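**Q** The following block contains the structure, expressed as structure tokens.
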Amino acid sequence: MSIEKTIWLTELFDIYKSLLTQKQAQMLALYYEEDYSLSEIAEHYGISRQAVRDSLKRGESALSDYEEQLKIHQKRQLRQELLNQLLNEDNQSIIEAILDLDNDRIS
């Protein structure tokens with residue numbers, strides 16, 4: 001798997017993990033966040049490597065489906081591009097206010 005796809009799936013997991021089944025979320029977390037191998041995850045759950053692979057693929061598919069429907073990741077990227085354009089136009093205070101909203105820094 002390419003590094004770009006891995007990054008994309010990791011970002012989608014961060015956004016949509018609460019929509020996955022508990023087992024899918026746990027396995028994806030072990031695989032993408034903790035860097036466990038398929039064998040290590042299989043041993044942890046007492047299942048086959050193929051069962052782990054199948055569960056990961058279903059979870060990845062679900063993440064892609066959620067993004068296709070909700071487009072949260074796509075909108076986040078577009079927002080960042082627009083903020084970068086504003087930054088190039090020396091609108092630092094506006095950008096900081098927008099970033100504060102995205103980072104829940106509202107007082």
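**Q** Please work out if Ser64 is under 17 Å from Met1 (Cα atoms) and of a type outside the set (Asp, Glu). It would help to see each step written out before you state the result.
**A** Values: under 17 Å from Met1 (Cα atoms): yes; of a type outside the set (Asp, Glu): yes.
Yes.
**Q** Test each condition in (1) open to solvent by 90 Å² or more (accessible area, probe 1.4 Å); (2) assigned to a helix (DSSP H, G or I); (3) aliphatic (A, V, I, L, M) for Met1 and report the one that comes out false.
**A** (2)
**Q** Continuing with the same structure: Of the conditions (1) touching a Ser or Thr at 6+ places or on another chain (Cβ under 8 Å); (2) closer than 15 Å to Gln24 by Cβ, Ala51 fails just one. Which one is it?
**A** (1)
The values are calculated or read from the model by the stated rules, or taken from the named source; none is laboratory data. Only a predicted model underlies this, so the values are computations on that prediction, with no experimental measurement involved. Cβ: placed from backbone, ideal geometry, glycine included. Neighbour counts: every protein chain shown. For the accessible areas, the whole protein counts, side chains as well, though only heavy atoms, and no ligand, DNA or RNA atoms are used. Shrake-Rupley method; radii C 1.70, N 1.55, O 1.52, S 1.80 Å.
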